[in-house]
Structures are given as structure tokens and as C-alpha cells.
Amino acid sequence: MQNVMLEPADLALAEEISELVVACDIDEYGQPDFVLEDLLDICSGIPLATNSWMIRMSGEVAAFAFLEENGAGRLSSYGYVHPKWKKRGLGSLLLEGIENRAREYVLDSPETAWSLSNVIPALSEAARQLLETGGYVFQRKYSRMSMEMQTPPALSSPPNGISIDLYNPVADEDRLWSAYRETFQDTRTYYEVDKSDWLKEKSGTHYDRNFWFAAHADGQLAGFVISKNFGDHLYVDLLGVRRPWRKQGIARALLERVFQAAYTHGIGQVLLSVDDASLTGANRLYEAIGMKALFQMAFYEKKL
């Protein structure tokens, strides 16, 4: 494309890039699902010079994309084109930049089996065609679920022998790490990470331990929920129950405590994301507890 070029994302333009992503969300989903702090979190975890791209048109940021490493051999990418600049080939240009960078990973570590994924709005026909033409294969859908906190939420009693307590970093930190690994190692998105790196990530912006809860049973940590506080809403980052205590209502009890805490603090909404084909049937729990799906995202992947 003439007079159009990719360049690394510039944090001096962070607010403008964030506004671009919000405009895309509103266009595709009917509501924003992104804030400036999300962008800053993303950018702090990637090498901007090599793993981020933006395109400027007529002096404004028209498109943005980034690439993340998610464990050995797994790369995840996301791209956004402002609605006013659609149908000009900018999405294809972003994807070209992403894939060129992904091939560098393959060349640097040819013995590794590499895959590259991309998440798009589930109803975007243009994005679907772009990915499928490029050899990506649909894998699954994710739903963004919401609970509105307009009235006091129901709070059921936890199962016998289980207590739902506010997370205590002194007593629970090591047990939380072990429970996370045990609970999520059989999920599609799990990858190995050092304990110190994981705890550092979970201490980042918006992770608010006033909304973290642990389920205790006989001196053990049976389940946990980790939330992020964005002021007007909470986002449930992780919810897990260890195998010996599953199917007893612990996940529901943990979520209800999050709802109660949100309502008590005047926070009007709780959000989370769920795989529509969840191996644990989590989507059915969220619907049963009263959460509603706001929109869906489609996960595509291809082998490199």
C-alpha cells in the first residue's frame, strides 16, 4: 500500500491507541471492553520495538496490533482497525507484520513446534475471511459474561466443611500458587511460568485483593477467585476449584462472595470471560448464577 507503513507502537500515543481499541469494541460489540490501563499492562509485557505495530493515516492512529508469547511455542496476536479506516487493507498489513515477526521466532528456535493465534469478534465476517484465507483454523468461541449489581446479590451457604474467606497473602500465597497450577494445568490456555513471575503479574495494576477469596477445607486451599478492580466494574481474572472439591458448589460460593463485595463497594458490574466449550462446564454455572453473555469472541490458530 502506498504511503502506508507499519511502525512500533508509541506509548506517547497510548491514549489515542486506547481510544482506537474502544472505537473498535463499540463498533463490533456495541460497548467498550478496554481501558487505557489495559493497554499499558499489555505494553509493559512485550518488546514494543518488535512485537507491536501501528499505522497512522492522515495524522491519526488508524490501526494497532501486538504479539505476545504464551509459553513454549505459543504466540497470540490481536489487531484493531478503526471503523473509519476499514476496507483499506490495514488489517492485512497488520497481519503481515505479525506473521513476519512470528517467522522470526521459528527461525530462532526451529526445534520448537510453534503456533500463532488470533482472537476476533465472532460476528466479524471480514476478520473471519482474512484469517481463514491466511490459513488460520477456527478453534472455539469465548463469551464475555456480565452480572449487574443493581440489587443485593444472593449469598448461599458454602458446602459443609468449607469456609469462604478473604485471601490472606501470608497464609495463602504458596497454597494459591499450587492450587492455580493444579486447577488450570488441564485447560487449553495453561502454560508453565515461574512462581515469582506469576505473583508479580498478579500484583499489577488493578489486581485488588479486596476482591480475592479463598475456599478453605481442613486446612487446605480448595478453591480461589482472583479479581481486578477497574472502578466501575470488576473483572474475574481466575476462578478455580481443585479436583477433590469440584461439583460441590464451591465455585458458585466464591463468585457470590465477589458479587457481594462488588455491591458493598458500590461497583455496578462484574465481568468474566469463558470458553463456550469449557471442559469443566463453567459456562453453565455462570448462566445458572444469573450472568448474561454480552458478546462473543472467536479464537483462530494456525501452525507455523
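Laboratory data are not the source of any read-out in this text; all were calculated from the coordinates shown. Just so we're clear, the structure is a prediction, and the values are computed from it rather than from any experiment. With ideal geometry, Cβ positions are generated from the backbone for all residues, glycine too; neighbour counts draw on all protein chains shown.
Scanning segment 227-256 for residues that are among the charged types (D, E, K, R) and in contact (Cβ under 8 Å) with a residue 60 or more places away in the chain yields 242, 243, 252, 256.
Rundown of residues vs (1) buried (at least 18 other Cβ atoms within 10 Å of the Cβ); (2) part of a strand (DSSP E or B), yes/no style:
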{"residue": "248", "(1), (2)": "yes, no"}
{"residue": "253", "(1), (2)": "yes, no"}
{"residue": "261", "(1), (2)": "yes, no"}
{"residue": "271", "(1), (2)": "yes, yes"}
{"residue": "287", "(1), (2)": "no, no"}
{"residue": "297", "(1), (2)": "yes, yes"}
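Considering each residue of segment 164-172 in turn, at least one proves to be surrounded by 13 or more Cβ atoms within 10 Å (Cβ to Cβ), polar (S, T, N, Q) and under 30 Å from residue 266 (Cα atoms).
The set of residues from segment 228-283 being among the polar types (S, T, N, Q), touching a helix residue (DSSP H, G or I) at 6+ places or on another chain (Cβ under 9 Å) and more than 22 Å from residue 180 (Cβ to Cβ) comprises just one member, 269. Only residues that are surrounded by fewer than 18 Cβ atoms within 10 Å (Cβ to Cβ), within 17 Å of the chain's Cα centre (by Cα) and charged (D, E, K, R) were counted in segment 3-37, giving 2.
Residue-by-condition table, conditions (1) free of Cβ contacts under 8 Å to residues at least 12 places away in the same chain; (2) in a helix (DSSP H, G or I); (3) within 25 Å of residue 122 (Cβ to Cβ):
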{"position": "15", "(1), (2), (3)": "no, yes, no"}
{"position": "24", "(1), (2), (3)": "no, yes, yes"}
{"position": "34", "(1), (2), (3)": "no, no, yes"}
{"position": "38", "(1), (2), (3)": "no, yes, yes"}
{"position": "56", "(1), (2), (3)": "no, no, no"}
